[in-house]
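Remarks on the structure that follows.
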Amino acid sequence: MIQYILRRLLWLFPILLMVNLLTFILFFVVNSPDDMARAQLGNKYVTDAALTAWKAARGYDLPLLWNTNAVGWDVLTQTIFWQKSVQLMVFDFGVSDAGRAIGADLAQRAWPSLWLALPSFMIGLCVNIALALLLVMFRGQWLDKLGLVLTIVIMSISGLFFIIGGQYVLAKLWHWFPISGYEPDGDVWRFLLLPIILGVIAGVGSGVRWYRSILLEEADKDFARTARAKGLSLWQVMHRHVLPNGLLPILTGVVAVLPLLFMGSLIMESFFGIPGLGSYTIDAINSQDFAIVRAMVYLGAVLYVFGLIITDITYAWADPRVRFGDK
Amino acid sequence: MSWLVALVCLLSLSAQAAWNNPYPRGWVHENTLFSAFSAPPKTLDPVKAYNSNEMVFLGNIVEPPLQYHYLKRPYQLEPLILTEMPTSSYDAATNTTSYRLHLRDDIAYAPHVAFGANKRFVTASDLAYAITRMADRTNGSPILDMMLPLIVGMSDCVKQFDALAKTNTWRDYRNRQPSGVEIIDEHTLMIRIHGVYPPFVYWLAMPFFAPIPWEVDQYYAQPGMREKNQSWSWLPIGTGAYYLSENNPNRRMVLQRNPNFHADFYPSEASPDLPNNVLDDAGKRLPMVDRVVYALEKEAVPYWAKFLQGYYDASGVSSEVFDQAIQLDAQGKLSLTPVMQEKGMQLLSSVATSLSYLGFNMLDPLIGQENPNAKYLRQAISIAIDYEEDIAIFLNGRGLVAQGPIPPGISGASEDCNPITHQLNGTQCVRRSLLEAKTLMAKAGYPDGLDPKTGKALVLYYDTVSTGADDKAQLDWMRKQFAKLGIQLVIRATDYNRFQEKMRAGNAQIFTWGWNADYPDAENFLFLLVGSNAKVETGGENASNYHNKQFDALYAQIARLPDTAERRALIAKAVSIVREDAPWVFGLFPQNVSLFHGWVHNVYPNLMANNTLKYRRIDVEKREQAQALWNQPVLWPFGFIGVSIIGLLLMLWLPPYRKRNEL
Amino acid sequence: MLLLWSDIVVWLLVTSLLYFFWRLKQDTLLRERWQLVAQSRIAMASTIVLLAFVLIALADSLHFRTNDPYRPVVSALDMSLGNIATGQEKSYSAPFAIESLWQETRQTDDGRVIRAPVPLQHAGKQLDNPNDLSRDLWQRSLTFLSIGIILASLIVWMLSHLSVFSQTALPWKSAAITFIVLCGFLVWLWGMGQSYHVLGTGKVGEDVLYASLKGVRTGILIGGLTTLLTLPFAVVMGIVAGYFKGWVDDVVQYLYTTLNAVPGVLLIASAMLLAQLYLAQHADVFASEQERADVRLLLVCLVLGLTGWTGLARILRAESLKLREMEYVKAASAFGVSHVRIIGRHLLPNLGHLVLISAVLDFSGLVLAEAVLSYVGIGVDPTMPSWGNMINLARQELNREPVVWWNLLGAFVGMFTLVLSVNLLADRVQHVFNPRAQG
């Protein structure tokens, strides 16, 4: 088992390295350091000297990959690639183009993101599974059919409409929630309730369908039929057989996305003014702050890969039939 | 059903404290002003900050030597931390002017760890320290290149820092100031500048010249400070009425009353055109509000909604909400709509000291100065682009059509009719007819907008920064304006960087550009057209790359003169040259309109001063009442939802539907 | 006549779809399956609605040059829409309004100066008296509805004599009803659009109905083209990885894990910035901004395609892994049949349904994604008519007083109808081809 985990962990490095290389190429080809300097310096009284100073202050005056002016290891380390990309590998995020320490900002903003994303996800999960269970219990009847049509309808509505409409009706017209904002001390739920509700509603369409199909698959298996034939009530069959067995695929799916919850929700956060990592990313894209975008890409990649590994481990742990030797 | 009743009772009880209050519960009951910012400031370092969204904060935290009088019009400087206005004397032998600044002795910084428990008072060497700090390129001062040729010895000072190796340790700027900056005694500083440049005093009213205590500079240079965002950029220290007690540009900035703030009083004189009650608080000790909260509000939609709910004390008026808030009378004067009047709002409007214009690249072979006939083409376009309509559609009438480069409120403002594009009709300045524009097109060699070379419509290129869908409408409108002359306008919308690059390389043909006044002087606008400032050659601010020897000579004279009738005559002459050459379609002067709730007092337009927070006063009780009244939650949907859920449950249990699946 | 790049793509798309269905006819097994799909009334109705969307997109993909400097390029759709396309007002007006929403200062006959709404230039011109508005609306509605329904019924009646429609297993009746209702509705829209702004006008006075219709092409292109671009990638990568295993599998897995690891929006954002750089530097290549916006649209599809293939590839890999262990595949390979033949003969046909389901599901996802991308500012060109751009604008409009809701409605109806009909069809396809996942 430990050997297996170790092997999976090793698999992590080439991926992260590739991600790093990819972002490096994208960002330093797309945007030369000169561009960045100009974007950040504004449009009044910008001279070449000021540009050079800006680049020097942020270490963008170095050569990209190979420093011919340096000696020894500095040939490699005194380069933009080493300073800006390789440093990411040890989670040294550096300073944003606007001059703030990214690491400090990330640490601060991860919490609001998590506060929003985790409850949304968990409540969404429970609601989806509960509804899916209900549909399975009433399979083939009017409730099931109605539910299926409703899920397709909800799936066909862009999430933006839910957010725009929800904010307009619930917050603006009915005064139920603050329109936007975030207040970590005390009653944080007042600010999170609306985005959570909207997030759950927007996700209910695809979620219920997905879980319904998983549960149905279990319900169709022989053991469930046998149990039913033995005279167990429908509820008991669901409760004792279908749900526990369906939990395995559900669980592995959940574990894979769990780490990514850190990244926050781009749209939700920027609509409701929640100072998390999602709105951080959007702001960075809009202001073309590539230091932040780079950091976020890397962070996202790390979390994704991490999710993959714990999925494997959970899977192996929950289902002993999985042979560790197999990929 | 009883639980439902109980729930509703509970809900209506808790309705007393508004559900949608976006602040910590207690704050709205305190002497706190609530405002918002839409884009996080990039830096609050006094040596760097230059944008208006940075000045909003910084202006109230640090204090430069001079300030603009809050209530006098036209704008007038007065001493802030000085005992009197700086005295200047010209020395013909060295061709320099010296300014003598004498500091008050009761000016102390807000508390800071670096000072320990002591009250730290401002000295002349703090002012010198600020100027020296500016001379270090690594600090990235945006005005260094303006000051370089101006302050005596500045360039040597810059060189001394350029030579230093790049390190992360503290650079002690004490006693390394330029030779033109002289510390006479503890409270007296002398600044010498080359030649004569009367606008120099205006620069002394900007935070760049605010005193910097070396202890704090040293403190922030310690290792590990930057990683914690402990730096001048995020926690500036000054002598202003407020200090920054919470700086989280991701969420909220809080300004708290500075306990060490020096004696400062509400002015007792005011310009007669301000309202009668302007001097109600005359002589009162400042500041009058204990705390100012700025919440990050990136979107216009929630901003406005919260303002209407009473959670922001002030708001701008976007064009979307304009009709709801403001009505224009037949004369085009702005007033509040009845709905807003009922809410007890106040309206504040003033024409900004800024200009938004459409520029022609004068280096362009088709439309630029090389081609003598292109002048008529530019003039024709100047007539055809109906900025009156632009203002009406996109700004709801909040703007003035610019008749020249200098906005109103500044001595020498171009307030007469531009004879090229407009004509006087009685007392009204009316845009010339399209017919005249078409005649000019023919004169330029493009009858009916047809390019004789191709026989097709003349194609012109319009460069603009545009990323959002919001711009589409405006771009469409612009195309229509050119189509009126038969010209096909091709829009090349790019991102900001690309646009800047094009401008620098001179590859743009037609573009939009704007300028915000640094100080209320015509010189600050005319220098945008001086040949020696051309963008492509010098990287200066003359974005059109306009060259006219006659104009340049006039400008040189204007820059040296104080505000006199003679100077105003010269300005008028210079403006008429520009009008004739038409390197710009002058565009418009935007009008700032903002709304304030009735409980906010002492807000008057002052576009130059950035330290106006200290004059504000609020009526907390009135605000509480209004907030309670405006934020009653609507409760009937709860009943509705409850009934539907019960109905659904009942349906599931009713016998006809109870037949279950057998799997 | 002028061919934009995206026009070519649209026509290619349609041709390949036609080819696909022609191939279907050849393959009896698949044909039976598809008949099963068509047996659902909902699927039939959805298909008809989808066809209407495709037709609109096609009509919008035939471009012609004109001499009008304000609209140098128009499409067949623009030309056939008449007043809907050309009836530009100055600014906002409500649906079916004949007066503007904005106010103008003017002098009344008795010399007073007032600020009041003004009559619209392209709505209700035929009315002598504004009080006749509701009567005229009813009259016209009835007229156009009945014209549409009668026309459609005639067509249905004529078609019903063709032998193709004699297959009684298929719900032709539902199809006919959908067709008639749709026809009635479209003719009504067109007819009312000639004398009113059915969905009002937007900020600069553009007809919102027109904008919504123009959004159809963008939506279909984004969904269709991107799906088409991802397919070859996904199919080749997935099958090769699953079939050959070993190092090929490792490389492919490495590739898609890496691509998946980069957060999608960020990857798209960076790629789009690169694209914008290219467009800005080669601005002179494009004769009009329409062509530029067009290339940008294609680039959006390309980028979405590059990041979108991983999901399907993974499914295909897993399935190929299973298939290659099948007896007949093993036997074929033992007989020395070449890999290409095995893949072509045995693997591909058995994977077809997976590809199909994923393609249909992706399509609707992509149409929805476009709105989000536009919101973030990395979607299609802001000058391009698209539902995402409309939603973006509409957010601000909800703040107005009175509320301007028709832009949001236009985008909502367009998007919802398209995605819903695709989803309904996809549901049925899944039901038929992959019943295990459905129940």
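The values are calculated or read from the model by the stated rules, or taken from the named source; none is laboratory data. This structure is a prediction, so every number in the text was calculated from the model and none was measured. We place every Cβ from the backbone using ideal geometry, glycine too, and count neighbours over all the protein chains shown. Surface areas here come from the heavy atoms of the whole protein model, side chains and all, with no ligands, DNA or RNA. Shrake-Rupley method; radii C 1.70, N 1.55, O 1.52, S 1.80 Å.
Assorted remarks:
- For chain C: span of alpha carbons on each principal axis (Å, largest first): 99, 58, 41
- Ligands, DNA and RNA excluded, the heavy atoms of residue A:226 present near 80 Å² of accessible surface to a 1.4 Å solvent probe.
- Efficiency of FRET between residue B:557 and residue B:415 - r from beta-carbon atoms, R0 25 angstrom, step 0.05: 0.70
- Membrane-span-like helices of chain A, defined as complete DSSP H segments with a Cα extent of 27 Å or more along the helix axis and a mean Kyte hydropathy of at least -0.5, are identified as A:2-30, A:102-137, A:189-219, A:290-318.
- Apportionment of accessible area to carbon and sulfur, region B:33-240, percent (1.4 Å): 52 percent
- Split chain C at each of the trypsin sites (Lys or Arg not before Pro) in a DSSP loop with at most 16 other beta carbon atoms within 10 Å, and the longest piece is C:246-439.
- Mean per-residue shielding of peptide A:166-173 is 5, counting Cβ atoms of other chains within 10 Å of each Cβ.
- Here chain B is described by how far its Cα atoms reach on the three principal axes: 100, 77, 61 Å, from widest to narrowest.
- Taking a sphere under 13 Å around the Cβ of residue B:205 and counting the other residues whose Cβ falls inside, with K and R at +1 and D and E at -1, yields a net charge of -4.
- Size descriptors for region B:417-494: radius of gyration and Dmax over Cα atoms are 15.2, 44 Å.
- Computed over the protein assembly as shown, the Cα gyration tensor eigenvalues convert (square root of 5λ each) into semi-axes of 57, 40, 34 Å, ordered from largest to smallest.
- Per-residue HN-Hα couplings for region B:393-405 [Karplus 6.51, -1.76, 1.60; θ = phi - 60°; Hz; x = Gly/Pro]: 7, 8, 10, 6, x, 8, x, 10, 5, 7, 9, x, x
- Whole-number percent relative contact order across chain B, with pairs defined as alpha carbons under 8 Å at least 6 apart: 17 percent
- MRE, 222 nm, helices only [DSSP H, n ≥ 4, -39500 (n - 2.57), over chain A, to nearest 500]: -21500 deg cm²/dmol
- Taking all C-alpha pairs of region A:188-234, those more than 16 Å from each other amount to 60 percent.
- Pairs over the 24 Å Cα-Cα cut-off, from the set B:456/C:90; A:145/A:221; B:298/C:214; A:145/C:25; C:245/C:330; B:549/B:573: B:456/C:90; B:298/C:214; A:145/C:25.
- The calculated Kirkwood hydrodynamic radius for region C:95-154 is 14.0 Å, given to one decimal from all distinct C-alpha pairs.
- Whole-Hz ³J(HN,Hα) from phi, Karplus 6.51 cos²θ - 1.76 cosθ + 1.60, for region C:377-392, glycine and proline x: x, 10, x, 5, 4, x, 7, 7, x, 8, 5, x, 4, 5, 4, 4
- Cut-off under 5 Å, modelled amide H: who pairs with residue C:75 long-range: C:64
- The simple Förster model, with R0 at 56 Å and r as the Cβ-Cβ distance, assigns residue C:236 and residue C:137 a FRET efficiency of 0.50.
- Residues A:214, C:8 ordered from highest to lowest accessible area at a 1.4 Å probe: C:8, A:214.
- The mean sequence distance of close C-alpha pairs (under 8 Å, at least 6 residues apart), as a share of the length of region B:354-592, puts its relative contact order at 32 percent.
- The convex hull built on the alpha-carbon positions of region B:225-347 has an orientation-averaged projected area of 10.9 nm².
- Gained length - residue B:185 relative to residue B:227, 0.36 nm times residue gap less alpha-carbon distance: 11.3 nm
- With N counted as the residues of region A:103-326, its alpha-carbon radius of gyration over 2.2 N^0.38 Å works out to 1.18.
- Phi angles of region B:111-127 translate, via the Karplus equation with coefficients 6.51, -1.76, 1.60 and θ = phi - 60°, into HN-Hα couplings of x, 8, 3, 5, 8, x, 8, 6, 8, 9, 9, 7, 10, 4, 5, 5, 5 Hz per residue; Gly and Pro are given as x.
- Compactness index (Cα Rg / 2.2 N^0.38 Å), region B:526-663: 2.36
- Listed by chain and number, the lysines whose C-alpha is less than 17 Å from the C-alpha of residue B:443, apart from same-chain residues fewer than 8 away, are B:375, B:453, B:484.
- Helical content of chain C, expressed as a calculated mean residue ellipticity at 222 nm, amounts to -23000 deg cm²/dmol (DSSP H runs of 4 or more residues, -39,500 (n - 2.57) each, divided by residue number, nearest 500).
- Cα-based Rg of region B:134-231 normalised by 2.2 N^0.38 Å, two decimals: 1.17
- Gain on full extension, evaluated as 0.36 nm per residue between residue B:76 and residue B:118 minus their Cα-Cα distance, stands at 11.6 nm.
- The gain in end-to-end length when the residue B:29 to residue B:329 segment is fully stretched comes to 104.2 nm, 0.36 nm per residue minus the alpha carbon separation.
- Per residue, the average separation of C-alpha pairs within less than 8 Å and at least 6 apart gives region B:476-547 a relative contact order of 19 percent.
- Alpha-carbon centroids, region C:136-163 and region C:319-335: separation in whole Å: 56 Å
- Probe 1.4 Å - accessible area at residue C:338, Å² to nearest ten: 60 Å²
- Amide H partners (placed H, <5 Å) of residue A:265, local residues excluded: A:278
- Helices in chain B, meaning DSSP H runs of at least 4 residues, each add -39500 (n - 2.57). Divided by all residues, the mean residue ellipticity at 222 nm is -8500 deg cm²/dmol.
- Between residue B:246 and residue A:111, the modelled labels are 1.2 nm apart [label points 7 Å from Cα along Cα→Cβ].
- Computing FRET efficiency as 1/(1 + (r/R0)^6) for residue C:23 and residue C:129, where r is the C-beta to C-beta distance and R0 is 41 Å, gives about 0.10.
- Counts of other chain beta carbons within 10 angstrom of each beta carbon in peptide C:115-122 average 1.
- Accessible area expressed per residue, chain C, with surrounding protein chains retained (probe 1.4 Å, Å²): 46 Å²
- Cα gyration tensor shape for region B:354-592, rounded if a/c is under 1.5, else prolate or oblate: rounded
- Taking a quarter of the surface of the Cα convex hull of region C:371-426 gives a mean projected area of 4.3 nm².
- Interchain or long-range residues, amide H under 5 Å from residue C:122's placed H: none
- Most to least accessible of B:225, A:122 (protein chains only, probe 1.4 Å): A:122, B:225
- Cβ-defined net charge surrounding residue C:304, 11 Å radius [Lys, Arg +1; Asp, Glu -1]: -2
- Computed over region B:33-240, Kirkwood Rh from alpha-carbon pairs, angstrom: 17.7 Å
- Taking Lys and Arg as +1 and Asp and Glu as -1, the other residues whose beta-carbon sits under 12 Å from that of residue C:93 total -2.
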